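Engineer: Before anything else, here's the structure in question.
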Amino acid sequence: MSFNKRSLITLAILAIIVGSAYYFFARKGITYIWHWESIPEMLVYYGAKSAEDAEPRLRMGILMIGFVLTLQISIFSIIFGIIIGTIVGIARLSNEPVTRGLSAAYVELIRNTPLLVQIYIIYFFVGSLLRLSAFAAGTAALSIFAGAYVGEIVRAGIQSIHKGQMEASRSLGMTYARAMRHIILPQAFKRIIPPLAGQFISLIKDSSLVSVIALADLMFQGQQAVARTYHAFEIYFTVAALYLVMTFALSMATQYIERRLAISD
Amino acid sequence: MIKAHHVYKTFKTSDRREVKALVDFSTDIEKGEVVVIIGPSGSGKSTFLRCLNRLEEVDSGEIIIDGVNLNDKRENINKIREEIGMVFQLFNLFPHKTVLENVTLAQTVVRKRTKNEASEVARGLLKKVGILEKENVYPAQLSGGQQQRVAIARALAMHPKIMMFDEATSALDPEMIGEVLDVMKTLAREGMTMVVVTHEMGFAREVSDRVIFMDEGQIVEEGTAEHFFENPVHERTKLFLSQIL
């Protein structure tokens with residue numbers, strides 16, 4: 001299948017670039033003693049965790065634990081981002097001035113303030129009021145952030161569908177909501193997959209910012225490991241590679257979906 | 001079946017000029033009647049059709065379809081639209097659905113028929129418009145004439161009381177116009193109430209009960225096809241006919 005071949009080529013080119021950068025770096029003669037041997041146990045190791053949990057078995061290392069948490073936050077934020085974005089995108093096109101105004105205000109507010117500030121506000125202010133855990137606050141902040149961008153993408157997608165589609169649906173007796181659900185949104189989503197993929201890849205990377213509210217995601221665990229071992233280069237390379245695994249997988253998944261949906265073209 | 005009384009409709013253009021699409025437009029259309037509306041572009045023909053199923057709202061005047069006043073906001077417009085099939089110039093098939101799904105979708109979500117019932121109705125109609133063998137392909141793989149025949153089947157699947165055609169053959173290559181007109185003629189002979197906006201004078205002559213000639217939002221002249229084509233009274237009608245025949 002050409003799909004696998006193409007992704008392999010992409011990966012090979014990536015490996016060559018990283019490899020040669022690493023090679024030139026080493027050739028420059030910076031005296032740095034690499035400690036790659038400390039990395040595997042940060043991913044998985046076999047043994048006891050502590051005195052209380054002494055049973056020796058296969059366990060996740062610190063970076064892998066962070067990887068799983070980042071994955072969870074990202075998946076939840078993408079799902080909620082799609083839900084919020086779809087509602088906002090439709091609301092932006094409403095005939096109701098209040099609905100339209102509120103959704104526009106939401107988009108502008110979120111897009112024009114830094115995500116880092118939003119995370120702090122949601123964690124310290126909203127989070128204290130509603131007694132949210134760091135995980136809930138971090139996921140909420142990322143979902144609200146993604147929702148604003150997805151909303152604009154969805155709006156553009158809906159507007160790109162020829163108005164004859166809505167007219168044909170309505171003339172068959174469908175309500176606005178049914179026409180949206182069965183006719184407009186499926187076509188719009190197919191068209192906005194590329195910008196959505198870009199948005200969600202950004203979201204996975206932006207999720208590293210939640211480490212500031214002591215949420216033990218991949219970035220946070222990486223920092224902890226560096227603080228303990230001082231192996232900054234090895235660990236951050238590994239952290240970057242682990243983010244790449246997630247984003248590249250998402251990238252491949254969306255390309256697969258795009259090809260699946262192309263059958264009606 | 002359709003009563004339109006003193007209908008006015010004005011559009012605002014992007015440079016804020018007002019364009020009068022319908023001016024004091026009145027006509028009654030009987031059950032089973034085939035009415036062809038002709039006229040130069042911009043004369044309000046399509047606007048009238050679109051007002052009949054409230055794709056456009058009238059400024060004043062009233063339209064009553066099957067006893068239901070379209071101006072009445074309490075009336076469920078979707079119920080009225082179920083009874084009026086509409087065929088568009090650009091077909092407007094649903095590109096992400098197969099031919100069969102195009103014809104079954106509204107049946108299942110609006111008429112609440114089961115999948116099997118809807119498919120049965122759909123296959124019967126696809127056979128009628130001569131395109132049953134394409135039921136599993138997507139619209140993009142069909143020719144314009146085939147797409148328009150599917151669009152007619154889609155509208156008929158709701159079992160409407162009225163069928164409206166908005167320049168249904170204007171976007172077609174010449175060699176495909178005939179196949180669509182044939183389907184429309186069959187419908188007319190079966191007694192369907194039809195309102196047809198078209199430039200096909202042959203169709204008007206052959207199957208229409210009445211021809212309405214519109215210009216600048218008003219009815220200039222109307223009458224049987226015979227009267228209309230043989231003995232037009234108004235100068236504007238004569239001019240128009242001389243230009244297109």
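Engineer: Express in whole angstrom the spacing between the alpha-carbon centres of the stretch A:242-257 and the stretch B:190-229.
Structural biologist: After rounding, the separation between the Cα centres reads 59 Å.
Engineer: For the protein assembly as shown, what does the alpha-carbon gyration tensor say about shape, rounded, prolate or oblate, given a ≥ b ≥ c as the root eigenvalues, a/c under 1.5 as rounded, and a/b over b/c as prolate?
Structural biologist: Values: a/c = 3.10, a/b = 2.52, b/c = 1.23.
It comes out prolate by the Cα gyration axes.
Engineer: Shielding by partners for A:182-193, please: the mean number of other protein chain Cβ atoms within 10 Å of each residue's Cβ. Can you show the working numbers first?
Structural biologist: Numbers: counts 8, 7, 1, 0, 4, 4, 0, 1, 2, 0, 0, 0.
Partner-chain Cβ atoms within 10 Å, mean over residues of A:182-193: 2.
Engineer: Could you list, in their original order, any pairs among B:Lys127/B:Lys161; A:Lys5/A:Lys205; A:Lys5/A:Lys28 whose Cα atoms are separated by more than 30 Å?
Structural biologist: Numbers: B:Lys127/B:Lys161 20 Å; A:Lys5/A:Lys205 26 Å; A:Lys5/A:Lys28 35 Å.
From B:Lys127/B:Lys161; A:Lys5/A:Lys205; A:Lys5/A:Lys28, over 30 Å: A:Lys5/A:Lys28.
Engineer: Among DSSP beta bridges lying fully in chain B, give the percent that are antiparallel, nearest 5.
Structural biologist: Numbers: 20 of 37 bridges.
So the antiparallel bridges amount to about 55 percent of the total.
Engineer: How long are the three semi-axes of the equivalent ellipsoid for the stretch B:106-231, computed from the Cα gyration tensor as the root of 5 times each eigenvalue, in whole Å, largest first? Before the final figure, lay out the partial values.
Structural biologist: On the way: eigenvalues 178, 56, 31 Å².
Three semi-axes, in Å: 30, 17, 13.
Engineer: Let me ask something additional. For chain A, restrict the atom set to alpha-carbon positions and state the Rg and Dmax in Å.
Structural biologist: That works out to 22.6, 75 Å for Rg and Dmax.
Engineer: Please average, across the residues of B:90-103, the number of beta carbons from any other chain that are within 10 Å of each residue's own beta carbon, and give a whole number. Spell out each step's value before the answer.
Structural biologist: On the way: counts 3, 2, 10, 3, 9, 9, 11, 5, 2, 0, 0, 1, 1, 0.
Rounded to a whole number, the mean comes out at 4.
Engineer: Provide the per-residue ³J(HN,Hα) series for the stretch A:203-218, in order, calculated from phi with Karplus coefficients 6.51, -1.76, 1.60 and θ = phi - 60°, each as a whole number of Hz, with x at glycine and proline positions.
Structural biologist: 4, 4, 5, 5, 4, 4, 5, 5, 4, 6, 9, 6, 8, 7, 7, 4
Engineer: Hey, how many Å between the Cα centroid of the stretch B:26-44 and the Cα centroid of the stretch A:123-144?
Structural biologist: 62 Å
Engineer: Compute, for chain A, the length of the dipole vector about the Cα centre, with Cβ point charges of +1 (Lys, Arg) and -1 (Asp, Glu) only. Units Debye, rounded to 20.
Structural biologist: Values: 22 positive and 14 negative charges, 167 e Å.
My answer is approximately 800 debye.
Engineer: Could you let me know the centre-to-centre spacing of the stretch A:1-79 and the stretch B:62-131, using Cα atoms, in angstrom?
Structural biologist: Computed from Cα coordinates, the inter-centre distance equals 56 Å.
Engineer: Per residue of the stretch A:125-142, what does 6.51 cos²θ - 1.76 cosθ + 1.60 with θ = phi - 60° give for ³J(HN,Hα)? Whole Hz please, x for Gly and Pro, Karplus curve as stated.
Structural biologist: Taking θ as phi minus 60°, the curve returns 8, 4, x, 5, 4, 9, 6, 7, 6, 4, 4, 5, 5, x, 5, 4, 4, 5 Hz for the stretch A:125-142.
Engineer: Follow-up question, since we're still on this one. Measure nothing fancy, just the Cα-based angle from helix A:232-261's long axis to the longest principal axis of chain A, in degrees from 0 to 90, nearest 10.
Structural biologist: 30 degrees
Engineer: Using square roots of five times the C-alpha gyration tensor eigenvalues, list the equivalent-ellipsoid semi-axes of the stretch A:88-166 in whole Å, biggest first.
Structural biologist: Numbers: eigenvalues 176, 30, 22 Å².
In descending order the semi-axes read 30, 12, 10 Å.
Engineer: Relative to the longest principal axis of chain B, what angle (0 to 90°, nearest 10) does the C-alpha long axis of helix B:115-128 take?
Structural biologist: Relative to chain B, helix B:115-128 is tipped by roughly 60 degrees.
Engineer: Past the 27 Å Cα-Cα mark, which pairs from B:Lys134/B:Lys185; B:Lys20/B:Lys185; B:Lys31/B:Lys185; B:Lys9/B:Lys112? Let's see the in-between values first.
Structural biologist: Working: B:Lys134/B:Lys185 22 Å; B:Lys20/B:Lys185 32 Å; B:Lys31/B:Lys185 17 Å; B:Lys9/B:Lys112 35 Å.
Table pairs above 27 Å Cα-Cα are B:Lys20/B:Lys185; B:Lys9/B:Lys112.
Engineer: Antiparallel DSSP bridges in the protein assembly as shown: what percent, to the nearest 5? Walk me through the numbers before you get to the answer.
Structural biologist: Numbers: 24 of 41 bridges.
Of the beta bridges lying entirely in the protein assembly as shown, close to 60 percent run antiparallel.
Engineer: Cut-off under 19 Å on the C-alpha distance; same-chain residues fewer than 8 positions from B:Lys12 excluded. Which aspartates and glutamates are left, in chain and number order?
Structural biologist: The reachable aspartates and glutamates, counting only those whose Cα sits under 19 Å from B:Lys12, are B:Asp24, B:Glu56, B:Glu57, B:Asp59, B:Asp215, B:Glu216.
Engineer: Using a Cα-Cα cut-off of under 20 Å, which aspartates and glutamates could be cross-linked to A:Lys49, ignoring same-chain neighbours fewer than 8 residues away?
Structural biologist: Straight-line reach from A:Lys49, under 20 Å: A:Glu37, A:Glu41, A:Asp217.
Engineer: What's the longest piece of chain A with no exposed trypsin sites (Lys or Arg not before Pro), counting a site as exposed if DSSP puts it in a loop and it has at most 15 other beta carbons within 10 Å? Walk me through the numbers on the way to the answer.
Structural biologist: Details: sites that count: A:Lys28, A:Lys49, A:Arg131.
Within chain A, the longest run free of exposed trypsin sites (Lys or Arg not before Pro) spans A:132-265.
Engineer: Sticking with this one: List the residues, sorted by chain then number, that are 5 or more residues from B:Gln89 or on another chain and whose placed amide H is less than 5 Å from its amide H.
Structural biologist: B:Asp166
Engineer: Sticking with this one: If the cut-off is a Cα-Cα distance under 14 Å, which aspartates and glutamates reach A:Lys190, setting aside same-chain residues fewer than 8 apart in sequence?
Structural biologist: Counting by Cα, and skipping residues close in sequence, A:Lys190 has these aspartates and glutamates nearby: A:Glu258, A:Asp265.
Engineer: For the stretch A:44-57, just list the computed ³J(HN,Hα) in residue order, Karplus coefficients 6.51, -1.76 and 1.60, θ = phi - 60°, integers in Hz, with x standing in for Gly and Pro.
Structural biologist: Each residue of the stretch A:44-57 in turn: 9, 8, 10, x, 8, 8, 7, 5, 6, 10, 8, 4, x, 7 Hz.
Here, each number is a calculation from the coordinates, and none is a lab measurement. What you are looking at is a predicted structure, and each value in this text was computed from that prediction instead of being measured. Using ideal geometry, Cβ is built from the backbone for each residue, glycine included, and neighbour counts are taken over all protein chains shown.
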